[in-house]
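Below is one structure, written out as structure tokens, with a few remarks after it.
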Amino acid sequence: MELLRKLEILADAAKYDASCASSGTEMRDSRDGKGLGSTAPGMGICHSYAPDGRCISLLKILLTNACNYDCLYCVNRASSNVARARFTVDEVVKLTIDFYRRNYIEGLFLSSGIIRSPDYTMEQVVSVARKLREEHRFRGYIHLKTIPEADEALIAEAGRYADRLSINIETPLEASLTKLAPEKDQRAIRRTMGRLRLKLDETAEAKKTARRARPPRFAPAGQSTQMIVGADDANDRTILSTSANLYGAYKLRRVYYSAFSPIPDASRALPLQAPPLVREHRLYQADWLMRFYGFDADEIVEESEGMLPLDIDPKLAWALRHRDRFPLDINTASREELLRVPGFGTRTVERILSTRRTTTIRFADLAQLNVIRNKALPFIVLSDHRPQPSLLDGAGLAARLRPKPQQLGFGF
């Protein structure tokens with residue numbers, strides 16, 4: 001099979017994996033003439049965005065889309081009637097180097113179907129990273145998908161060459177994974193996540209205590225995972241509780257959410273329709289609240305409801321349920337309180353804290369502080385602004401703050 005045809009098949013097969021952000025690694029470049037590539041931002045094929053907004057392009061492919069496993073939700077499952085292809089190790093290395101030299105990419109995201117055995121597949125994936133680093137002195141970003149059933153020594157070697165490792169938890173509930181992907185074991189996935197955390201902790205501790213010798217390198221951008229949304233009956237509260245547990249237990253950098261997409265010749269165990277994409281968006285917003293705004297998973301979604309509202313963002317939904325905590329005087333409120341005000345981002349809060357050290361914040365200052373005024377004003381008090389009690393307590397506040405419907409264009 002021609003290389004171009006392989007690339008067409010295996011790039012398309014990799015599109016369902018959302019966990020390819022390239023943030024958090026160490027900064028490297030080759031301006032000293034030693035090596036090739038960098039982890040600086042660039043433009044290219046698969047656009048991934050760092051938390052600070054930088055765009056980094058990755059070559060995102062599978063080593064092969066042939067697979068021994070028959071996961072019902074996967075288009076590349078063993079029983080799926082799709083075109084199959086497989087790269088050799090040297091072909092992936094050549095593509096990465098050639099694409100980098102053409103300024104198409106800044107790094108590589110490599111995953112694979114399971115062929116022969118988990119150890120064989122993992123060894124092939126690691127071989128790509130090893131050749132790029134050792135033979136071609138490639139200093140760009142490398143993200144490797146880890147196979148939990150693979151030998152621990154192979155996973156340790158993957159961490160030596162990769163910037164980030166990831167293992168997909170797949171579903172929030174163990175029972176769902178057993179039903180939809182019987183060859184996979186969520187306990188094995190979690191055990192491997194635990195081993196990765198121990199290696200990451202050992203490396204971090206070695207960096208603190210090392211005086212002269214440089215500690216061994218191990219996945220400086222940490223580990224991440226992905227959950228499929230809508231393939232089972234898990235509600236948003238369950239999904240966020242699972243994410244909170246993963247963040248706490250394994251110190252994950254990110255949990256990615258991928259809305260289930262119906263596939264050809266699907267099993268009857270799968271839903272006929274995809275969940276609304278806005279549900280995936282709301283889960284990411286809720287995830288951000290847990291990671292950066294001090295929210296617990298249990299307070300984001302009401303136990304009686306189980307699902308995030310789709311028409312308003314989860315932070316606004318929380319504020320509307322807890323109107324007794326508002327309005328807040330932003331000239332005296334704590335950082336933790338300010339982070340819960342609708343329309344306030346983390347940078348806005350830092351600006352408010354910095355500004356109020358030297359002056360009293362007034363209504364006219366809000367624009368300069370980048371406050372989303374129409375969303376924040378019902379919930380805050382300023383020296384020259386106080387919302388009417390009837391506004392905050394009124395039944396129409398949610399409708400007033402709900403985004404206005406927009407007419408879709410015709411695309412021509």
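The values are calculated or read from the model by the stated rules, or taken from the named source; none is laboratory data. Here the structure is a predicted model, which is why all the values come from computation and not from measurement. Ideal geometry is used to build each Cβ from the backbone, glycine not excepted, and the neighbour counts take in all protein chains shown. These accessible areas exclude ligands, DNA and RNA; they are computed on the full protein's heavy atoms, side chains included. Shrake-Rupley method; radii C 1.70, N 1.55, O 1.52, S 1.80 Å.
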Checked the range 119-134 for anything of a type outside the set (S, T, N, Q), open to solvent by less than 30 Å² (accessible area, probe 1.4 Å) and closer than 21 Å to N76 by Cβ; matches are M122, V125, V126, V128
When K199 is run through (1) in a loop (DSSP other than H, G, I, E, B); (2) crowded, with 18+ Cβ neighbours inside 10 Å; (3) basic (K, R), the failure sits at (1)
Per the filter on the range 137-155, residues of a type outside the set (D, E, K, R) and crowded, with 17+ Cβ neighbours inside 10 Å are F138, G140, Y141, I142, H143, L144, T146, I147, P148, A150, L154, I155
Going through (1) touching a Gly at 6+ places or on another chain (Cβ under 6 Å); (2) at pLDDT below 95 one by one, S390 fails only at (1)
Selection from the range 104-124 of residues among the aliphatic types (A, V, I, L, M) and in a helix (DSSP H, G or I) yields M122
Expected single match for open to solvent by 10 Å² or more (accessible area, probe 1.4 Å), aliphatic (A, V, I, L, M) and modelled with pLDDT under 95 among A259, A244 is A259
Being in contact with an Asp or Glu (Cβ under 8 Å, 6 or more places away or on another chain) and either open to solvent by 40 Å² or more (accessible area, probe 1.4 Å) or at positive phi (or both) narrows R402, R356 down to just R402
Filtering the range 359-397 down to residues that are open to solvent by less than 20 Å² (accessible area, probe 1.4 Å) and either in contact with a Lys or Arg (Cβ under 7 Å, 6 or more places away or on another chain) or in a helix (DSSP H, G or I) (or both) yields L366, L369, A376, P378, F379, L382, L392, L397
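Residue check: is R291 under 19 Å from the mean Cα position of the chain (by Cα) and surrounded by fewer than 21 Cβ atoms within 10 Å (Cβ to Cβ)?
So R291 passes the test.
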Of the residues in the range 64-91 that are within 22 Å of D232 (Cα to Cα), surrounded by 15 or more Cβ atoms within 10 Å (Cβ to Cβ) and among the aliphatic types (A, V, I, L, M), the one that is modelled with the highest pLDDT is L72
Subset of the range 156-166, residues surrounded by 24 or more Cβ atoms within 10 Å (Cβ to Cβ) and either among the aliphatic types (A, V, I, L, M) or assigned to a loop (DSSP other than H, G, I, E, B) (or both), comes to A158, A162, D163, L165
Exercise. Does the range 97-107 contain any residue that is farther than 22 Å from R164 by Cα, at pLDDT 95 or above and touching a strand residue (DSSP E or B) at 6+ places or on another chain (Cβ under 9 Å)?
Worked result: no
